[in-house]
Structures are given as C-alpha cells and as structure tokens.
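Novice: First the structure, then my questions, so here it is.
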C-alpha cells in the first residue's frame with residue numbers, strides 16, 4: 001500500500017490497525033491460571049520479526065507455506081508473516097490424517113511446513129518423503145534431539161532468533177509489493193465428491209467480503225471475539241480473525257477445547273462464532289438444568305413465556321433477568337452482544353429460543369469458494385429459519401432447478417491446479433454454482449432447502465430434500481441422529497439413532513434393545529414425528545422408521 005492510500009489488502013488493514021491502536025489488546029490466551037494478552041504493537045513486531053526470519057529461510061512471493069495447528073496466537077502471527085512476503089498460506093486442520101496431509105503437501109509443494117505439537121509432527125514425519133526440501137517450524141518448544149534428526153527444523157522461538165531484533169522491520173515496504181489480485185491463501189475443501197480441492201482466494205476476495213460483513217454487522221474496537229472453530233476453516237478465519245483485525249478488536253484463543261466453558265466465562269467475549277451443534281449442546285444443558293425440579297421448571301417456563309413477549313423493561317423483566325436470563329448469560333462471561341452461527345444450518349427453534357433468552361444468534365450462509373459469506377441475518381431483523389439477506393456487493397439468484405447461484409468480488413479465483421473443475425462450477429455467464437438448493441423469500445431473505453446432489457427422487461417423480469427433514473426430526477428431545485432414505489421408492493423412510501438416556505428416563509426402561517422394541521415407545525416416536533412433520537407435504541413425511 002502506498003503512503004496515504006486506501007488499504008486494499010488484508011495486510012494493509014493489519015498495518016493500519018497496528019498503527020492506529022498500538023496499545024489495544026489483539027490476542028488473548030491462557031497461560032497457566034492467568035489470561036495474558038498481546039497488544040497490537042507487539043503483534044506488529046512479532047509479525048515483522050517472523051517475516052524477516054521466513055525470508056532468511058528462503059520464502060519469497062508465490063511460495064506456499066503449510067500451516068497445521070490448533071487455534072493459538074502463533075497461528076495468526078505466522079499467517080500474517082507469510083502474507084507480508086506475498087507467499088501463500090495453506091492451512092490444514094490438525095485432526096486430519098497423515099495421508100490427507102500428504103495429498104495436500106504433494107500438490108502444493110511448500111517451502112515451509114509449520115506444525116504445532118508432537119502429535120502433528122509425528123504425522124508429518126510419516127510422510128517425510130513428500131516434503132522434498134521443505135523446512136519445519138515447530139510452534140511448541142519441547143523438541144528433543146531425536147525429533148530434530150533427518151530434517152531442518154526450528155522451534156518458533158528459534159525461528160524468531162534467526163535474525164537480529166531491532167531496526168526497521170520493513171513491513172510498509174513489503175505491503176507495497178502486495179496486490180489485491182495476489183493469491184492470499186489456498187484452502188482445501190472436500191466438497192461433495194470427497195476429493196480435496198484447493199480453493200484459491202485473493203486479497204480482493206477476502207477484503208471485499210469483510211467490508212461487506214462490516215457494513216451490516218456492527219463490530220467495534222472494544223469487542224472481544226472467542227475463537228472456537230478451527231482457523232483452517234475460512235468461516236472462522238474471515239469472520240472471527242480478519243474482521244477482528246480490521247476493526248482493532250481482540251480475540252481470545254481456546255487452545256484446549258476441554259476448557260471452552262472456563263475460557264468463555266473468564267475471557268468475557270462480546271461475540272462468539274460457532275456451529276449449530278454448540279448451540280444445540282447449550283440448549284440441551286439449559287433445559288436439563290431447568291428440569292432439575294418442579295420449582296426450577298416452573299420458574300424457567302414463566303421466564304421463557306415472559307421473554308417471548310419481547311418486553312425489555314419493568315419489574316418482571318428485572319426479576320426474570322436476575323434469576324434466569326443473567327445466569328445463563330454469565331456462563332459465557334456475561335458480556336456477549338450476539339452469537340454468530342455458520343458452516344451448517346441452524347434450526348429456527350434454536351434461533352427463537354436464544355432470542356427469547358435475550359441472546360441473538362445471527363445465522364449466515366456461505367462457502368469456502370465465496371470467502372465465505374454470501375448472506376446473513378441482521379441484528380435488527382433476524383428471520384430464523386433463513387440465512388438472512390445477501391451481503392451488499394454479493395449477487396444471488398435461483399436457477400430453474402432451484403440451485404443457488406452467486407456472483408461478486410468475493411467469489412474465488414479458482415481451484416488450484418484444477419482448471420477443469422473450476423470451469424465446471426461456473427455458468428457460461430460467470431455465476432458460481434453453489435450446489436445448494438434454496439429460495440428467495442419476501443424481503444430478500446434466502447432460505448436453504450437442501451443440497452443438489454443429496455436430493456432423493458421417489459418412484460413417483462417427486463424430489464425430496466433429506467437435509468431439512470433430518471434437521472427437523474433432530475430437534476426432538478428423543479433423537480440424536482437421523483438419516484432419511486428412499487431413492488427410487490414410493491415413500492421416504494428414516495434410520496433413527498435415539499437418545500437412549502432420555503427415553504429410558506421417561507419410560508423407566510433400561511437397555512438399548514428393550515427401548516428399540518418397546519411398542520409404547522415406538523408409538524410415542526411415531527406420534528412425535530407426525531407432529532414435527534405436519535407442515536411438510538405428504539410425500540415428505542416418514543412412512544417407516546427403524
């Protein structure tokens with residue numbers, strides 16, 4: 001970025017924020033029993049020092065750097081340092097197998113592979129032959145002499161010490177060498193075929209998406225995000241990390257997932273980004289506590305009934321807020337302004353439940369190929385059951401076969417080394433084919449109705465989207481999982497995985513076999529499913545289930 005010009009790359013925005021808010025907290029993490037934070041000034045220096053070290057290790061513009069790690073401050077420092085050189089980050093979720101690592105590493109031929117811990121290091125060692133001349137940077141510090149054998153490897157601290165500290169870090173000069181059309185990252189996604197495809201996203205793709213999000217969702221420098229989803233996922237990376245950096249906000253990292261509740265309570269986030277499953281677990285936990293005894297059950301029902309009325313003042317509001325709503329909010333630290341949900345559909349029941357408790361969940365929709373956000377609900381007018389309205393600058397239309405088509409600056413450059421597949425996913429006039437089915441409703445709200453390749457075609461010629469039905473049935477307290485089948489048949493059927501614990505407690509029956517064979521329970525489930533699917537077309541209702 002030239003001096004005094006408008007920021008155009010993600011790195012431009014980082015530099016602007018670091019200079020504007022040097023003392024603002026940027027990154028929070030738990031060290032021992034205490035929270036520590038890295039202000040933007042130190043964040044800037046870490047990025048600058050690591051950038052110089054990576055350059056000394058031979059990284060240059062266009063090179064790929066693979067990053068395999070859980071969420072932690074070193075992840076974002078590494079990402080921005082790679083970005084500063086015009087190199088391309090290739091994040092890989094650390095839970096993948098060594099074989100999956102191998103396919104991505106073989107295709108991208110990285111100059112550097114950054115790994116987080118011993119477990120990840122051992123998986124990379126299994127595929128050492130695929131690394132060629134790649135050097136290893138190890139984020140933890142517990143490297144033994146045997147760990148070092150057979151390759152060039154540095155701990156994170158050792159990497160920072162490869163060049164002397166102090167003096168001009170040269171980040172402004174590096175920024176001037178970046179172009180909005182440069183590829184910022186390659187993110188691998190499995191898609192519907194199961195084969196990994198590397199999605200090439202440019203600075204322009206991601207910057208346009210972030211600015212569109214910020215034009216409709218209020219984020220301030222005083223906000224604190226809680227990072228839960230893997231940063232290797234574009235949803236967390238764009239919305240939970242880059243958006244925070246653009247605004248000078250802070251992010252708390254959950255390094256140990258088992259400490260999520262503890263970290264949420266202590267770090268007091270104002271914005272939490274998660275997938276629907278997390279909200280489902282919270283919902284279940286709230287109901288479980290509310291049903292402890294007749295008194296708590298009655299109080300909760302009264303508070304919930306009152307909350308549905310939407311009144312935000314008066315004696316009853318203060319009373320129920322003190323004895324019910326505030327206690328639930330305090331499990332998240334008590335400061336949350338709103339939640340964000342993405343990566344999978346959120347049921348309208350869950351959205352309405354949390355809103356009644358005074359905690360709005362904004363659902364968005366997008367794909368890796370769209371950087372990722374296509375549409376989202378707004379705080380002032382959420383329509384639960386939909387994924388909101390398209391973002392400014394993002395065009396959406398519905399094809400004749402009901403597929404959602406997208407066009408905009410946020411749409412990817414293409415799939416890495418895969419021009420044939422790239423061509424397949426665009427229409428002749430440049431619309432990206434999402435593979436999702438949907439419809440635009442009154443007010444411009446987008447509703448997802450299923451996946452194009454998941455459609456069940458009945459022998460009657462009727463098309464059934466199993467996803468919507470499965471989501472509805474999974475809202476039953478007696479159901480854990482559902483799979484709908486029936487392709488080529490006259491009717492659909494369901495394979496049900498029941499919640500044996502809840503069913504057993506309700507009907508006073510023990511043993512999975514007995515529960516599955518009890519006629520009283522089966523009749524109860526049948527009645528439950530008929531009620532849940534009563535608003536669906538007759539051919540979309542279960543005729544059988546096992």
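The values are calculated or read from the model by the stated rules, or taken from the named source; none is laboratory data. Treat the numbers as computed from the prediction; the structure is a model and nothing was measured. When we count neighbours, we look across all protein chains shown, and the Cβ atoms used for this are built from the backbone with ideal geometry, even at glycine.
Here is a yes/no grid of residues against (1) touching a helix residue (DSSP H, G or I) at 6+ places or on another chain (Cβ under 8 Å); (2) under 19 Å from residue 523 (Cβ atoms); (3) part of a helix (DSSP H, G or I):
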{"position": "467", "(1), (2), (3)": "yes, no, yes"}
{"position": "472", "(1), (2), (3)": "yes, no, yes"}
{"position": "476", "(1), (2), (3)": "yes, yes, no"}
{"position": "482", "(1), (2), (3)": "yes, yes, no"}
{"position": "489", "(1), (2), (3)": "no, no, no"}
{"position": "495", "(1), (2), (3)": "no, yes, no"}
{"position": "504", "(1), (2), (3)": "yes, yes, yes"}
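Novice: Check 430, 450, 435 and return the single one that is without any contact (Cβ under 8 Å) to a residue 24 or more places away in the chain, under 27 Å from residue 372 (Cα atoms), in a strand (DSSP E or B) and in contact with a strand residue (DSSP E or B) (Cβ under 7 Å, 6 or more places away or on another chain).
Specialist: Going through 430, 450, 435 in turn, just one is without any contact (Cβ under 8 Å) to a residue 24 or more places away in the chain, under 27 Å from residue 372 (Cα atoms), in a strand (DSSP E or B) and in contact with a strand residue (DSSP E or B) (Cβ under 7 Å, 6 or more places away or on another chain): 450.
Novice: Check off (1) in contact (Cβ under 8 Å) with a residue 40 or more places away in the chain; (2) under 18 Å from residue 368 (Cβ atoms); (3) crowded, with 16+ Cβ neighbours inside 10 Å for residue 96 and give me the number that stays unchecked.
Specialist: (1)
Novice: Where residues in the stretch 26-38 are in contact with a helix residue (DSSP H, G or I) (Cβ under 9 Å, 6 or more places away or on another chain) and surrounded by fewer than 24 Cβ atoms within 10 Å (Cβ to Cβ), which of them is farthest from residue 264 (Cα to Cα)?
Specialist: 38
Novice: Looking only at the stretch 139-155, filter to residues that are in contact with a helix residue (DSSP H, G or I) (Cβ under 8 Å, 6 or more places away or on another chain) and more than 23 Å from residue 76 (Cβ to Cβ); which one of those is surrounded by the most Cβ atoms within 10 Å (Cβ to Cβ)? Give the steps one after another, and end with the answer.
Specialist: Going residue by residue through the stretch 139-155, those that are in contact with a helix residue (DSSP H, G or I) (Cβ under 8 Å, 6 or more places away or on another chain) are 139-142, 147, 150-151, 153.
Those left that are additionally more than 23 Å from residue 76 (Cβ to Cβ): 147, 150-151.
Details: 147: 17, 150: 9, 151: 15.
Among them, the one singled out is 147.
Novice: Check whether at least one residue in the stretch 527-545 is surrounded by 13 or more Cβ atoms within 10 Å (Cβ to Cβ), in contact with a strand residue (DSSP E or B) (Cβ under 9 Å, 6 or more places away or on another chain), farther than 19 Å from residue 470 by Cβ and assigned by TED's automatic domain parsing to the domain that holds residue 468, and report yes or no.
Specialist: The answer is no; no qualifying residue exists.
Novice: Report those strands (runs of 3 or more DSSP E) wholly inside the stretch 337-411 carrying at least 3 residues which are buried (at least 20 other Cβ atoms within 10 Å of the Cβ) and in contact with a strand residue (DSSP E or B) (Cβ under 6 Å, 6 or more places away or on another chain).
Specialist: 338-341, 361-366, 373-376, 403-408
Novice: Restricting the stretch 506-515 to residues that are part of a helix (DSSP H, G or I) and touching a helix residue (DSSP H, G or I) at 6+ places or on another chain (Cβ under 6 Å), which is surrounded by the fewest Cβ atoms within 10 Å (Cβ to Cβ)?
Specialist: 512
Novice: Which residue out of 296, 292 is in the same structural domain as residue 390 (by TED's automatic domain parsing) and assigned to a loop (DSSP other than H, G, I, E, B)?
Specialist: 292
Novice: State the number of residues belonging to the stretch 156-173 that are surrounded by 13 or more Cβ atoms within 10 Å (Cβ to Cβ) and either touching a strand residue (DSSP E or B) at 6+ places or on another chain (Cβ under 6 Å) or more than 13 Å from residue 49 (Cα to Cα) (or both).
Specialist: Residues meeting the conditions: 2.
Novice: Tally the residues that are without any contact (Cβ under 8 Å) to a residue 60 or more places away in the chain, closer than 24 Å to residue 82 by Cα and in a helix (DSSP H, G or I), restricting the search to the stretch 136-161.
Specialist: 3
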